[in-house]
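Take a look at the structure set out below.
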Amino acid sequence: MSITGKIYVKYVMALNRIVRSQLKPNVKEYNSINDIDLTEIKRLKQEYGIGGMIIDVDGTIFQEYRYIPHSILRALKLLNKELKIYLVSNGKNEKIAKLAQILDIGYISRAFKPRREPFIKASTEMGLNPENIMVLGDGFLTDVLGGQRMGMHTATVKTLNSSNKLKDSDDMQR
């Protein structure tokens, strides 16, 4: 990575820490997407009227593009059975498209969150009003701020990184 890229990453991380101290998700902070089981989905539907979920990819679903944990793939498939889901990522990797294809869902890459446009497009394509959507991600500056600006419910997960990678990784080839 270039020196400019490294500076940019450090800047964004520092800004995210500042935003995180001031902005909180209005639904819940989860350890992982795996915490959202059938009981939790029913609670979200009943308590918040959630019918759809916009999910971030980088740091939320997987960290390394060539691996996705089995448990997270199972969780996504369960979510897809019970709610309308849509992937919205600032990333540009083709693995986002592959994951969306595996799950048979829509996606937006290079979304430039927290801009409004990707959230509007996702809610329109899901056929849901913003107040019936929950945004799930690891970024306070991108996911929480972006979702709350649109009147959507927000929840966070702990960012996946090298120190807390799930052990049941598998190649996305499946």
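The values are calculated or read from the model by the stated rules, or taken from the named source; none is laboratory data. Because the structure is a prediction, the values reported are computed rather than measured. All Cβ positions, even for glycine, are placed from backbone atoms using ideal geometry, and neighbour counts span all protein chains on display.
Things to note:
- Residue that is nearest to the chain's Cα centre (by Cα), among those in the stretch 14-51 that are under 24 Å from SER109 (Cα atoms), hydrophobic (A, V, I, L, M, F, W, C) and assigned to a loop (DSSP other than H, G, I, E, B): ILE36
- Looking only at residues of the stretch 25-51 that are surrounded by 13 or more Cβ atoms within 10 Å (Cβ to Cβ) and basic (Lys, Arg), we find that the one that is farthest from ASN80 (Cα to Cα) is LYS28.
- Within the stretch 82-141, being surrounded by fewer than 17 Cβ atoms within 10 Å (Cβ to Cβ), in contact with a Gly (Cβ under 8 Å, 6 or more places away or on another chain) and within 22 Å of LEU15 (Cβ to Cβ) holds for ARG110, ARG115, ARG116.
- So ALA111, is it small (Gly, Ala, Ser), in contact (Cβ under 8 Å) with a residue 40 or more places away in the chain and not in a strand (DSSP E or B): no
- Extreme residue, modelled with the highest pLDDT, among residues of the stretch 1-13 that are surrounded by fewer than 10 Cβ atoms within 10 Å (Cβ to Cβ) and not in a loop (DSSP other than H, G, I, E, B): ILE3
- Any hit, the stretch 85-107, residues being assigned to a helix (DSSP H, G or I), more than 29 Å from LYS42 (Cα to Cα) and without any contact (Cβ under 8 Å) to a residue 12 or more places away in the chain: yes
- Residue in the stretch 60-75 that is touching a Lys or Arg at 6+ places or on another chain (Cβ under 9 Å) and under 19 Å from MET126 (Cα atoms) present: no
- Within the stretch 116-144, residues that are in a helix (DSSP H, G or I) have Cβ atoms under 6 Å from residues that are surrounded by fewer than 22 Cβ atoms within 10 Å (Cβ to Cβ) and among the basic types (Lys, Arg) in these pairs: MET126/LYS84; PHE140/ARG20, counting only partners at least 6 apart in sequence or on another chain.
- The residue list ILE68, ILE54 contains one member that is at pLDDT below 90, surrounded by 14 or more Cβ atoms within 10 Å (Cβ to Cβ) and outside any helix (DSSP H, G or I), which is ILE68.
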